[in-house]
Structure formats: C-alpha cells, structure tokens
Amino acid sequence: MNFPTRFPVKVMGANQDDFESLVVEIIRKHAKVAEEEVVVSRLSRNGRFISITVQINAENQEQLDNLYRELSAHERVLMML
C-alpha cells in the first residue's frame, strides 16, 4: 500500500444510539476523517446491529495498526474489516 492514502475502516457493533459517535471519536484519535460525508452507517436486516464505514486519510501502516488495536480492544466493537 502506498501512503498517504484514503482508507475505509469498517466497524460493526450492536445498534445503539451512540455507537457511530463512539467509533468516529476513536478513529479521530488516530487519523483525520476527511469529511462527514465519508461516514456511512448501515443497519443489519433485523436492525440489531450496525456497521459504520469511515474513510480516513491514512499516513502509514503504524497509524493503521494502532487504530485497529484500539478499535478491536473496545468492548462494544464486535467485528472490523
């Protein structure tokens, strides 16, 4: 992968009111989110789960590794792609 690059981060969890803001807050600790339009939320078929996809400006692999470590360690995050 060539850096810097735009990179999609997809995070899944239970559909709760503040899950999107939680995910975006963690991501902003590690990377710049280009614009609000690059945050996309999708509900599962039954509405119990939500996926949040955020396009970030990735500067290097270490930045991505740190971001993925913090997100995957969070108790409310069920899965990441």
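All of the numbers you see were taken from the coordinates with simple rules; none came from a lab. Treat the numbers as computed from the prediction; the structure is a model and nothing was measured. Heads up, the Cβs are rebuilt from the backbone with ideal geometry, glycines too, and the neighbour counts pull from every protein chain shown.
Worth pointing out:
- Enumeration of residues in the range 6-25 that are surrounded by 12 or more Cβ atoms within 10 Å (Cβ to Cβ), out of contact with any Phe, Trp or Tyr (no Cβ under 8 Å at 6 or more places or on another chain) and either among the acidic types (Asp, Glu) or more than 13 Å from Thr53 (Cα to Cα) (or both): Glu20
- The range 65-81, residues that are surrounded by 15 or more Cβ atoms within 10 Å (Cβ to Cβ) and part of a strand (DSSP E or B): Val77, Met80
- Applying the set (1) under 14 Å from Glu70 (Cβ atoms); (2) within 9 Å of the chain's Cα centre (by Cα) to Gln55 leaves exactly one unmet item: (1).
- Qualifying residue in the range 45-64 (condition: charged (D, E, K, R), part of a loop (DSSP other than H, G, I, E, B) and either touching a Ser or Thr at 6+ places or on another chain (Cβ under 6 Å) or surrounded by 15 or more Cβ atoms within 10 Å (Cβ to Cβ) (or both)): yes
- The range 8-32, residues that are under 10 Å from the mean Cα position of the chain (by Cα) and in a strand (DSSP E or B): Pro8, Val9, Lys10, Val11, Met12
- Some residue of the range 36-55 being polar (S, T, N, Q) and under 19 Å from Met1 (Cβ atoms): yes
- Selection count where residues are charged (D, E, K, R), closer than 15 Å to Leu78 by Cβ and over 13 Å from the mean Cα position of the chain (by Cα), scope the range 33-52: 1
- Within the range 3-16, residues that are touching a residue at least 12 places away in the same chain (Cβ under 8 Å) have Cβ atoms under 8 Å from residues that are acidic (Asp, Glu) in these pairs: Phe3/Glu59; Pro4/Glu59, counting only partners at least 6 apart in sequence or on another chain.
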